[in-house]
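Participant: Sharing a structure here in structure tokens format.
The values are calculated or read from the model by the stated rules, or taken from the named source; none is laboratory data. Since the structure is predicted, the reported quantities are computational estimates derived from the model, not experimental observations. Positions of Cβ are backbone-derived with ideal geometry, glycine not excepted, and every protein chain shown enters the neighbour counts.
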Amino acid sequence: MSDALLPERLDAACGDLGGLHLRRDEPLAAHTTFGIGGPADVLVEAGTDDDVVRVVQAAARHRVPLFVLGGGSNLLVGDGGIRGLTLTLSGALAELRVLDDGLRIDVGAASTFPRLTQAALAQGWPPAVGWFGTPGQVGGALVMNAGTRQGEVGEVVVEVRMAGAGGLERRGRAACGFGYRSSAFPLGVVLTGALLQCDSHKSKEVETLTAMAHEQLNRRRATQPKQRSAGSIFKNPPGDYAGRLIEAVGLKGYAVGGAGISDVHANFIVNSGAATARDVVQVAEHARALVKERFGIELEWEVRRVGVHR
Ligand SMILES: Cc1cc2nc3c(=O)[nH]c(=O)nc-3n(C[C@H](O)[C@H](O)[C@H](O)COP(=O)(O)OP(=O)(O)OC[C@H]3O[C@@H](n4cnc5c(N)ncnc54)[C@H](O)[C@@H]3O)c2cc1C
């Protein structure tokens, strides 16, 4: 099966998706916080679990690649864009319900993560202090196990809901494989929501938690760049900080084209306005090479590089 036949298979898959909103050649730069990325062949929007299953099954049936776009805040989409179907979630999948007097929250994957964070803080959930200020959607936050040392979203997961080619299934926290900015969801599944529970809810006053969250936000504002980025470009290696290592090799301010290492925080690559994905990769790989040469440490990308990079 050659790639030359992909457009035909994609047309066939789109033919199975009547009633869903489809956009052809949609520029993904508009859907990422980096403001970078070529076009999606087809961007399809699904607003219910059943719609998501239809998309997953159409992709499988016609052997078309399927990529799930969340809030686009941890992505570097290649300049060549993304082939096949790119799925975005909306509608009923953005719902959020507070249950059991604030002990539990049921949330759809398309809800924004800041909205979940606010709701969790309002119910006195201490881990939400660590989530505060993280952009994106709940689905992306679950996949990335988003947060900080003060709290990661995976800690409060009871179960996630996901759609695969076999339909809908639920998976308990132990099977999600949450780690530092990672999870072990099988490739090709789409998370549609989660049931969360915080056993330490109301162990601190809401006012205290909100004050702690705002203190963290102020610290972030003082130490992180304001230009467009995808957050930390690399994971922190055990016992150290990627930003410290990149700064130590003298790369603060280093730039290629429109992409440069922030002079505020060296683990952020910022888009000055005209950056390409290629520029970002060149800057990042140069930093990785110098850190490896000087400290013997292999920095691992936290930002996910997806699509066609050239
Ligand atoms: C200014 C800034 C600050 C940041 N600060 C933090 C921070 O403090 N802590 C932190 O952890 N992160 C931080 N980030 C990174 C980013 O916000 C998080 O990783 C976020 O959780 C990504 O969510 P998203 O919805 O944007 O995911 P995307 O970037 O859209 O996608 C990330 C991955 O998740 C997958 N995905 C998304 N939704 C689904 C779904 N429904 N089903 C299956 N797969 C899915 C995508 O395919 C992709 O592989 C920051 C980013 C920025 C720009």
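Participant: Tally time: how many residues in the range 282-307 are in contact with a strand residue (DSSP E or B) (Cβ under 7 Å, 6 or more places away or on another chain) and among the β-branched types (Val, Ile, Thr)?
Facilitator: Counting residues in the range 282-307 that are in contact with a strand residue (DSSP E or B) (Cβ under 7 Å, 6 or more places away or on another chain) and among the β-branched types (Val, Ile, Thr) gives 3.
Quick grid of which residues meet (1) without any contact (Cβ under 8 Å) to a residue 60 or more places away in the chain; (2) over 24 Å from GLY78 (Cα atoms); (3) aromatic (Phe, Trp, Tyr):
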residue: ALA13; (1), (2), (3): no, no, no
residue: GLU26; (1), (2), (3): no, no, no
residue: ALA30; (1), (2), (3): yes, no, no
residue: ALA40; (1), (2), (3): yes, no, no
residue: GLU45; (1), (2), (3): yes, no, no
residue: ASP51; (1), (2), (3): yes, yes, no
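Participant: While we're on this one: From the residues in the range 294-304 that are out of contact with any Lys or Arg (no Cβ under 8 Å at 6 or more places or on another chain) and outside any strand (DSSP E or B), which one is surrounded by the most Cβ atoms within 10 Å (Cβ to Cβ)?
Facilitator: That would be VAL303.
Participant: Another question about this same structure. Search the range 107-165 for residues being more than 6 Å from the ligand (Cβ to nearest atom), among the polar types (S, T, N, Q) and under 13 Å from the mean Cα position of the chain (by Cα), and hand back the single one that is farthest from GLY231 (Cα to Cα).
Facilitator: SER111
Participant: Oh, and also: Quick check: is even one residue across the range 190-211 over 29 Å from VAL98 (Cα atoms) and crowded, with 20+ Cβ neighbours inside 10 Å?
Facilitator: Going residue by residue through the range 190-211, those that are over 29 Å from VAL98 (Cα atoms) are none.
No, the range 190-211 contains no residue that is over 29 Å from VAL98 (Cα atoms) and crowded, with 20+ Cβ neighbours inside 10 Å.
Participant: Is there any pair with a first residue in the range 238-249 that is within 17 Å of HIS286 (Cβ to Cβ) and outside the structural domain of ALA287 (by TED's automatic domain parsing) and a second that is surrounded by fewer than 16 Cβ atoms within 10 Å (Cβ to Cβ) and not basic (Lys, Arg) whose Cβ atoms are under 9 Å apart and which are 6 or more apart or on different chains, and what are they?
Facilitator: No pair meets every condition.
Participant: Oh, and also: Does the range 41-86 hold any residues that are at positive phi and either among the aliphatic types (A, V, I, L, M) or within 20 Å of the chain's Cα centre (by Cα) (or both), and which are they?
Facilitator: Passing the criteria: GLY72, GLY81, GLY84.
Participant: In addition: Which numbered condition in (1) part of a loop (DSSP other than H, G, I, E, B); (2) closer than 27 Å to SER183 by Cβ is the only one that VAL291 fails?
Facilitator: (1)
Participant: Restricting to the range 263-288, and then to whatever is in a strand (DSSP E or B) and either away from the ligand (no atom under 15 Å from the Cβ) or touching a Pro at 6+ places or on another chain (Cβ under 8 Å) (or both), can you tell me which residue is nearest to THR148 (Cα to Cα)? Let's see the steps before the verdict.
Facilitator: First pass over the range 263-288, keeping only residues in a strand (DSSP E or B): 268-271.
Keeping just the survivors that are either away from the ligand (no atom under 15 Å from the Cβ) or touching a Pro at 6+ places or on another chain (Cβ under 8 Å) (or both) gives 268, 270.
On the way: PHE268: 16, VAL270: 21 Å.
My answer is PHE268.
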